[in-house]
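> Before I ask anything, let me first share the structure, which is written out below as structure tokens.
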């Protein structure tokens, strides 16, 4: 497996025959192809290294092309490179020499070990046996991160040019033990719109309504309001909307073995219904003030 020489594609776009709706779906954390050299450099076993995956999210949203929208899917794992970060959020403690001056070494995500090249998976499980060469991080950014975002930008720009509107659905999963602060409520889904700045509030409310109508516990922005992708690509006043959706892994995967639960197909079917409902709702949108974020 060699992403640099082109022997393996680090990501792919699953295209519909014809794009017929103003949606782009993105699954940036569901990659599960691990380079052997990366595994050799890790102190974690084959199961432990996978703890940060958004397990099978690309499959949960796999019907997106059937509805007429492209689905961008990462094959590289999040533990190797996180494209839901700024390009150079890097932790100097991970490397054997000084980082470039333009690196963002002070973000909260870096402090937590979850920068562009993560230091940990899950809850403080250190990935690497030794410090990395700075050139390794920069190579991952140049050869995978930048092409991935270039591809995502093209999909969004193409959609916006064709429909006068683009709605990015950034697809993720969250640990099953997530609870709302001060509550025992375990959300099944979290819709993130950066507190109303990355998408029309009408879109967010519609998404919550459709999920709740199917019997799920769905909340908005807490504890996940959206990451770099949602923040970076959402420009509602320009007709560019970005919503993050988090699916509780406890609904569909055994978090100890990482095997699919029998309920997996039911959750995938529910998300197919959700996508259809969102498409129908967006068809009623007009390109006026109702699209502006509230």
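No lab work stands behind these numbers, since they all come straight from the coordinates. In this text, all values refer to a predicted model and were calculated from it rather than measured experimentally. Here the Cβ positions follow ideal geometry from the backbone for every residue, glycine too, while neighbour counts run over all protein chains shown.
> Under the definition of Cα pairs under 8 Å and six or more residues apart, what whole-number percent is the relative contact order of segment 68-122?
Details: 57 pairs, mean separation 23.4, N = 55.
In percent, rounded to a whole number, it is 42.
> Related question: Between residue 256 and residue 154, with labels modelled 7 Å along Cα→Cβ, what's the label distance in nm to one decimal, could you check?
4.5
> I've got another one for you. Return a whole-number percent for the relative contact order of the chain, with Cα pairs under 8 Å and 6 or more residues apart as the contact set. Intermediate values should be presented prior to the final figure.
Numbers: 566 pairs, mean separation 57.7, N = 294.
In percent, rounded to a whole number, it is 20.
> On a 0 to 90° scale, report how tilted helix 201-213 is relative to the longest principal axis of the chain, with both axes built from alpha carbons and the result rounded to the nearest 10.
Long axis of 201-213 versus the principal axis of the chain: about 90 degrees.
> Taking the Cα centre of each part, how many Å lie between segment 217-238 and segment 18-75?
Answer, in whole Å: 19.
> Then there is this: Could you tell me which of rounded, prolate or oblate describes segment 110-184, using a ≥ b ≥ c as the square roots of the eigenvalues of the alpha-carbon gyration tensor, with rounded for a/c under 1.5 and, failing that, prolate when a/b is larger than b/c and oblate otherwise?
oblate
> Let's test the formula: R0 of 22 Å, r as the Cβ-Cβ distance of residue 180 and residue 269. What FRET efficiency results, to the nearest 0.05?
Numbers: r = 26 Å, r/R0 = 1.19.
The formula returns an efficiency of 0.25 here.
> Once a ≥ b ≥ c are taken as the square roots of the eigenvalues of the Cα gyration tensor of segment 121-263, is the result rounded (a/c under 1.5), prolate (a/b larger than b/c) or oblate (a/b not larger than b/c)? Please report the intermediate quantities before stating the final value.
Details: a/c = 1.97, a/b = 1.02, b/c = 1.93.
It comes out oblate by the Cα gyration axes.
> Moving on. Translational D (Stokes-Einstein, µm²/s) of the chain at 10 °C and 1.306 mPa s when Rh comes from the Kirkwood sum over C-alpha pairs? Let's see the in-between values first.
Values: Rh = 19.6 Å.
The calculation lands on 81 µm²/s.
> Here's a follow-up. Return the calculated 222 nm mean residue ellipticity for the chain, to the nearest 500 deg cm²/dmol, obtained by summing -39500 (n - 2.57) across DSSP H runs with n ≥ 4 and dividing by the residue count. The partial results should precede the final answer.
On the way: 9 runs with 82 residues, N = 294.
Taking each H run of at least 4 residues, the total per residue is -8000 deg cm²/dmol.
> Shifting gears a bit: In whole percent, what relative contact order does segment 3-149 give with Cα contacts below 8 Å and a gap of six or more residues? Spell out each step's value before the answer.
On the way: 243 pairs, mean separation 42.8, N = 147.
Contact order relative to length: 29 percent.
> Kindly identify segment 76-204 as rounded, prolate or oblate by the Cα gyration tensor criterion: order the square roots of the eigenvalues as a ≥ b ≥ c, call it rounded if a/c is under 1.5, otherwise compare a/b with b/c, prolate if a/b is larger, else oblate.
Working: a/c = 2.37, a/b = 1.26, b/c = 1.88.
Oblate, because a/c is 1.5 or more while a/b does not exceed b/c.
> Could you estimate the translational diffusion coefficient of segment 1-101 from the Stokes-Einstein equation, with Rh from the Kirkwood formula over C-alpha pairs, at 4 °C and 1.567 mPa s, in whole µm²/s?
84
> So how tilted is helix 264-283 from the main axis of the chain? Cα-based, degrees 0 to 90, rounded to 10.
The two axes meet at around 50 degrees.
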